[in-house]
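The values are calculated or read from the model by the stated rules, or taken from the named source; none is laboratory data. Since this is a predicted model, take the numbers as computed values, not measurements. For neighbour counting, all protein chains shown are included, and Cβ atoms are generated from backbone atoms with ideal geometry for every residue, glycine included. In case anyone asks, the SASA skips ligands and DNA or RNA and just uses the protein heavy atoms, side chains included. Shrake-Rupley method; radii C 1.70, N 1.55, O 1.52, S 1.80 Å.
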Amino acid sequence: TGWLGLPLAKMLLAEGFSVKGSTTSAEKLPTLRNAGIKPYQIKVASEGIEGDIADFLSATDVLVVDFPPGLRKDPKMDYSGAIRLLSEAIATSGVK
């Protein structure tokens, strides 16, 4: 729910959809909650997934994934490993 996800979430809420949103920042959780988004603190990395990914993915029809590049913060980030772990979580979650 960064620069792309937050406006998308707000648009979907305005259309009457229920929206879950994730952030890596605990400080952003109240902002998401106040916007009407069910917030989750989740961090996906090649070493593992932190946060309640199972609950986040439960009862979800559509999932939009946007990994910010973050190359300035961590140019050695292994996105392929992170995406592999997320793909495995999605495959076992029942996301339609």
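Can you list the strands (runs of 3 or more DSSP E) lying wholly within the chain that have 3 or more residues being at pLDDT 95 or above?
Details: elements: 20-23, 38-41, 43-45, 48-50.
The strands (runs of 3 or more DSSP E) meeting that bar are 20-23, 38-41.
Has the range 62-75 got at least one residue that is within 15 Å of the chain's Cα centre (by Cα) and surrounded by 13 or more Cβ atoms within 10 Å (Cβ to Cβ)?
Looking for residues that are within 15 Å of the chain's Cα centre (by Cα) and surrounded by 13 or more Cβ atoms within 10 Å (Cβ to Cβ), one finds at least one in the range 62-75, hence yes.
Give the range 9-26 a look and list any residue that's of a type in the set (G, A, S) and open to solvent by 50 Å² or more (accessible area, probe 1.4 Å), or say none. Give the derivation first.
Narrowing the range 9-26 to residues of a type in the set (G, A, S): 9, 14, 16, 18, 21-22, 25-26.
Result: A14, G16, S18.
Checking D78 against (1) surrounded by 15 or more Cβ atoms within 10 Å (Cβ to Cβ); (2) touching a residue at least 12 places away in the same chain (Cβ under 8 Å): exactly one of these is not met. Which one?
Among (1) surrounded by 15 or more Cβ atoms within 10 Å (Cβ to Cβ); (2) touching a residue at least 12 places away in the same chain (Cβ under 8 Å), D78 violates only (1).
How about the range 27-47: which of its residues are open to solvent by 30 Å² or more (accessible area, probe 1.4 Å) and aromatic (F, W, Y)?
Residues satisfying the conditions do not exist here.
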